[in-house]
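Novice: Input: one structure, supplied below.
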Amino acid sequence: MGSCSGSKTGKTIRFGISADERLLEKFDGMIAEMGYATRSEAMRDLIRDQLVEFTWTKDDADVVGTITIVYNREPKELTKKLTELKHQNHTHIISSLHVHLDGDNCLEVLLIKGKSKRVKSISDRFIGIKGIKHGKLIMSTTGKELY
Ligand code: NI
């Protein structure tokens, strides 16, 4: 089995939720548009998403994320600074993808792993490089404690 093989399935628990009918109507409309087959599946995704977000609030939690940045390849100082930061943080930046969007613009996705606090601070440094047009950290999960 590969490292992506699933863990044993836990017992499924059924539980009821009370809510204002207007709230539920809105919710049902939204999840129908999103293509969810059932309310349960949508609720499970919401719970997982909140758990991931909560994990990131713990400074020493092991997390995985991606930093997406868009920048102009000129001036060269930006590219130099970018390479410098990548080398400085080589134990955290485990992979990267570079796409030349057109003659001038570049898009990079950096895969970053480590303790939440450290990952966030490294991410801030990348996004804060002068000249970055757009930068965003997508906070994801190692998947270990999500079922
Ligand atoms: Ni490029």
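Novice: Ranked highest first by average number of other Cβ atoms within 10 Å, how do 29-35, 16-22 line up?
Specialist: So the order, starting with the most tightly packed, is 29-35, 16-22.
Novice: Also: Holding the Cα-Cα limit at 25 Å, pick out from K86/K130; K86/K133; K26/K113; K86/K136; K8/K120 the pairs that are longer than that.
Specialist: In this structure, K26/K113; K8/K120 lie more than 25 Å apart at Cα.
Novice: Kindly rank 107-113, 48-54 from highest to lowest mean number of other beta carbons found within 10 Å of each residue.
Specialist: Highest to lowest by the protection proxy: 107-113, 48-54.
Novice: For the pair H134 and R39, how long in nm is the line joining their label points, each one 7 Å along Cα→Cβ?
Specialist: In this crude label model, H134 to R39 measures out at 3.6 nm.
Novice: How would you classify segment 13-111 from its alpha-carbon gyration tensor, with a ≥ b ≥ c the square roots of the eigenvalues: rounded for a/c under 1.5, else prolate if a/b is greater than b/c, otherwise oblate?
Specialist: prolate
We did not get these values from a lab; they are worked out from the coordinates using the rules stated. Every value quoted in this text rests on a predicted model; they were computed, and no experiment measured them. Positions of Cβ are backbone-derived with ideal geometry, glycine not excepted, and every protein chain shown enters the neighbour counts.
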